[in-house]
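Working notes for the structure below.
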Amino acid sequence: MSDRPRKTSAELRSMRWFGPDDLRSFGHRSRAKQMGWMRDEFTGRPVIGILNTWNDFNTCHTHFPARVDDIKRGVLEAGGFPVELPALSLGEQFMKPTTMLYRNFLAMEVEELIRAHPVDGCVLMGGCDKTTPALLMGALSANLPSIYVPAGPMLRGHWREATLGSGTDVWKYWDDRRAGRIGEKEWGEIEDGIARSAGTCMTMGTAATMMSLAEAMGISLPGASAIPAVDSNHVRMACASGRRIVGMVWEDLRPTDILTRAAFENAIIVDMAIGGSTNAIVHLLAMAGRAGVPLDMDTFDRVAQGVPLLANIRPSGAYLMEDFYYAGGLPALLAALAPRLHLDARTVTSATLGEAIAGARAYNADVIRPLDNPVKPAGGTAILRGSLAPSGAVIKPTAAEERLWVHEGPALVFSDIRDLKARVDRDDLPVTPDSVLVLQNAGPVGAPGMPEWGQLPVPRKLLQQGVRDIVRISDARMSGTSYGACVLHVAPEAAVGGPLGLVRDGDRIRLDVPRRRLDLLVAEDEMARRRAAWTPPPLVGGDRGYVALYRRSVTQADQGCDFDFLRGRPGESPEPQIF
Ligand code: FES
């Protein structure tokens with residue numbers, strides 16, 4: 001329950017459109033009837049908008065056309081009236097240059113779709129990477145009762161005797177292909193076996209991370225996030241979510257009642273315990289900005305300290321999301337983590353998180369480890385600061401070779417992604433295993449959109465020597481399915497004058513993960529000379545329309561890359577005037 005009184009039929013928001021005895025409402029009712037709707041179906045009952053991020057280019061949401069019907073069934077059973085509202089789909093595989101460029105676009109669309117239509121509550125259908133944060137950001141700003149339905153992961157991949165994980169195993173076998181150890185036939189077999197069903201990437205990439213964090217924050221039904229997309233339990237979860245949103249409308253239980261400071265702290269703790277994607281920090285910062293919850297990189301690091309990695313899932317562990325589901329899913333992990341969590345945080349069920357996970361336990365203690373036998377004693381993401389990243393940077397130490405956690409070496413600089421592509425595999429590249437690869441101008445403004453270019457390839461010259469990991473630094477992001485000693489999200493970014501843009505070949509760079517430091521070992525007077533001579537890089541990707549708006553308004557990574565005019569003030573969007 002919320003702290004507000006239970007709503008009556010007359011108080012439903014949709015009744016502003018359908019209730020009054022005036023000309024405008026006559027128009028709304030007669031046009032609803034044009035679609036065959038009966039007056040008592042859409043008046044006096046909660047009208048539920050189902051925001052469906054489906055399209056034919058989103059490989060991870062191919063089951064959504066069927067799931068919409070399952071959600072509608074639940075809404076109708078509970079006495080509501082379901083209406084589908086298609087929203088921009090952000091299919092990670094096909095959208096270029098990056099779905100991150102369009103996360104804020106979808107968040108704006110979600111807010112305005114909700115605001116402009118006669119809906120009392122919403123079901124948010126997402127899963128593929130940026131769809132989850134975008135839906136939650138928009139729903140927070142609109143702040144009508146909302147429940148999130150995760151797409152769920154796809155089934156495990158298979159190739160010969162190996163299981164294949166999305167992304168993670170692609171990078172691994174691609175390195176083998178580049179080094180000549182895998183031929184065309186084997187590569188074709190891997191292509192056939194790595195994506196076997198509807199659903200999101202089934203490693204602990206950004207999709208699984210954000211679906212897990214949404215559940216941990218209480219905005220989806222308990223146990224929802226790990227159900228494989230094609231499992232019949234996923235159908236029932238969708239139907240149950242449809243039923244529940246109707247109750248949430250009567251109770252007036254809103255996103256800001258659920259996505260509180262306690263929920264964000266729970267999300268950070270769970271992010272560490274699942275070995276979540278580095279992208280989660282950008283999205284959590286953006287969501288917190290929408291919720292009006294003060295959260296910064298230092299808070300993230302403080303809350304995250306000392307949380308062990310419990311989920312033994314690739315890329316930080318050995319298993320896949322299907323195994324995680326059979327082992328008990330997120331409720332089992334939350335139960336194992338219970339001493340660290342705010343168990344009094346509220347969920348969409350109106351029960352507390354503690355009540356929601358009562359009785360949950362792990363059925364496979366190797367997949368979901370207990371606190372006293374973690375996969376690794378420290379969890380996923382570390383926040384770095386120093387002269388190379390005054391506003392911060394992130395690294396996922398659990399996905400990097402441990403020998404590189406403390407490393408000093410000479411910079412080898414690529415001025416942008418084109419320069420990187422042109423030179424990285426050349427035989428005359430002046431690279432050694434000690435080199436620190438630096439990619440400039442790949443951040444929110446520079447790329448634009450902060451693409452997942454941060455897992456710079458290990459140069460072929462080094463692969464042929466057997467080197468599998470090397471320190472890499474950029475203002476880009478990295479796929480959550482990736483691995484390697486990649487320092488990401490360097491802020492401020494190169495394209496707005498950050499120190500990253502001033503690095504030159506041969507400069508010494510020092511990374512010290514235990515001390516949370518990232519330093520450029522160049523004297524301050526030399527840096528001052530370089531700063532005075534710096535000019536912004538040429539704009540790529542055009543500078544009109546949405547891209548121009550994006551460049552003008554996007555914040556840096558340490559603030560979540562939201563638009564500066566969209567942060568804060570949840571629910572303060574004015575209700576539309578109806579004349
Ligand atoms: Fe959709 Fe990975 S491509 S989650």
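The values are calculated or read from the model by the stated rules, or taken from the named source; none is laboratory data. All values derive from a computational prediction rather than experimental measurement. Because the Cβ atoms are built from the backbone with ideal geometry, glycine has one as well, and the counts that use them run over all protein chains shown.
Scanning the range 171-205 for residues that are touching a strand residue (DSSP E or B) at 6+ places or on another chain (Cβ under 8 Å) and hydrophobic (A, V, I, L, M, F, W, C) gives 190, 194, 195, 201, 202, 204. The condition of being part of a loop (DSSP other than H, G, I, E, B), surrounded by fewer than 24 Cβ atoms within 10 Å (Cβ to Cβ), within 15 Å of the ligand (Cβ to nearest atom) and among the aliphatic types (A, V, I, L, M) holds for only one of 226, 198, that being 198. Of the residues making up the range 528-579, those that are out of contact with any Asp or Glu (no Cβ under 8 Å at 6 or more places or on another chain), modelled with pLDDT of 95 or more and of a type in the set (Gly, Ala, Ser) are 528, 532, 533, 560. Quick check on the range 229-241. Is at least one of its residues within 16 Å of the ligand (Cβ to nearest atom), part of a loop (DSSP other than H, G, I, E, B) and either touching a residue at least 12 places away in the same chain (Cβ under 8 Å) or among the polar types (S, T, N, Q) (or both)? Among the residues of the range 229-241, at least one is within 16 Å of the ligand (Cβ to nearest atom), part of a loop (DSSP other than H, G, I, E, B) and either touching a residue at least 12 places away in the same chain (Cβ under 8 Å) or among the polar types (S, T, N, Q) (or both), which makes the answer yes. Scanning the range 435-475 for residues that are part of a loop (DSSP other than H, G, I, E, B), of a type outside the set (D, E, K, R), closer than 19 Å to residue 404 by Cβ and in contact (Cβ under 8 Å) with a residue 12 or more places away in the chain turns up 435, 454, 455, 456, 457, 458, 459, 465, 467, 470. Of all residues in the range 366-387, those being in a loop (DSSP other than H, G, I, E, B) and in contact with a Ser or Thr (Cβ under 9 Å, 6 or more places away or on another chain) number 5.
Residue-level analysis places residue 470 outside the set of residues that are at pLDDT below 95, closer than 26 Å to residue 312 by Cα and crowded, with 24+ Cβ neighbours inside 10 Å. In the range 44-61, the count of residues that are of a type in the set (A, V, I, L, M) and part of a loop (DSSP other than H, G, I, E, B) is zero.
Take the range 162-175 and flag every residue that is at pLDDT 85 or above, crowded, with 16+ Cβ neighbours inside 10 Å and either among the β-branched types (Val, Ile, Thr) or more than 16 Å from the ligand (Cβ to nearest atom) (or both). Within the range 162-175, 163, 170, 173 meet the criteria. Figure legend. Inter-residue proximity from the range 185-208: first residues within 16 Å of residue 314 (Cβ to Cβ), second residues in a helix (DSSP H, G or I) and of a type in the set (Asp, Glu), beta-carbon distance below 8 Å, spacing 6+ or different chains. Indicated pairs: 190/169; 194/169; 202/322.
Taking the conditions exactly as written (assigned to a strand (DSSP E or B), in contact (Cβ under 8 Å) with a residue 40 or more places away in the chain and not β-branched (Val, Ile, Thr)), does residue 511 satisfy them or not? Judged against the criteria, residue 511 is a match.
Please verify whether residue 92 is within 16 Å of the ligand (Cβ to nearest atom) and either at negative phi or surrounded by fewer than 20 Cβ atoms within 10 Å (Cβ to Cβ) (or both), treating the condition exactly as stated. Yes, satisfied. The selection criterion, being over 27 Å from residue 578 (Cα atoms) and at pLDDT below 95, holds for residue 98.
Among the residues of this structure, residue 235 counts as one that is surrounded by fewer than 24 Cβ atoms within 10 Å (Cβ to Cβ), modelled with pLDDT of 95 or more and of a type outside the set (D, E, K, R). Of the residues screened, residue 70 is one that is charged (D, E, K, R), in a helix (DSSP H, G or I), under 26 Å from the mean Cα position of the chain (by Cα) and over 23 Å from residue 578 (Cα atoms).
Counting the residues of the range 60-78 that are within 16 Å of the ligand (Cβ to nearest atom) and among the charged types (D, E, K, R) gives 1. I'd like to verify a number: residues in the range 26-59 that are more than 16 Å from the ligand (Cβ to nearest atom), among the β-branched types (Val, Ile, Thr) and surrounded by 23 or more Cβ atoms within 10 Å (Cβ to Cβ), how many? Count: 3.
Considering (1) touching a residue at least 12 places away in the same chain (Cβ under 8 Å); (2) under 26 Å from residue 82 (Cα atoms), the lone condition that residue 267 does not fulfil carries the number (2).
I need the full set of residues from the range 270-310 which are of a type in the set (Val, Ile, Thr), surrounded by fewer than 24 Cβ atoms within 10 Å (Cβ to Cβ) and touching a residue at least 40 places away in the same chain (Cβ under 8 Å), in order please. Within the range 270-310, 307 is the sole residue that qualifies. Scanning the range 2-15 for residues that are in contact (Cβ under 8 Å) with a residue 60 or more places away in the chain and surrounded by 15 or more Cβ atoms within 10 Å (Cβ to Cβ) yields 2, 7, 12, 13, 14.
Kindly indicate the residue of the range 201-223 that is of a type in the set (A, V, I, L, M) and either part of a loop (DSSP other than H, G, I, E, B) or more than 11 Å from the ligand (Cβ to nearest atom) (or both) and also surrounded by the most Cβ atoms within 10 Å (Cβ to Cβ) among those meeting that condition. Only one residue fits best here, namely 202. Determine if the range 119-127 includes at least one residue that is within 16 Å of the ligand (Cβ to nearest atom) and surrounded by fewer than 24 Cβ atoms within 10 Å (Cβ to Cβ). There is no residue in the range 119-127 that is within 16 Å of the ligand (Cβ to nearest atom) and surrounded by fewer than 24 Cβ atoms within 10 Å (Cβ to Cβ).
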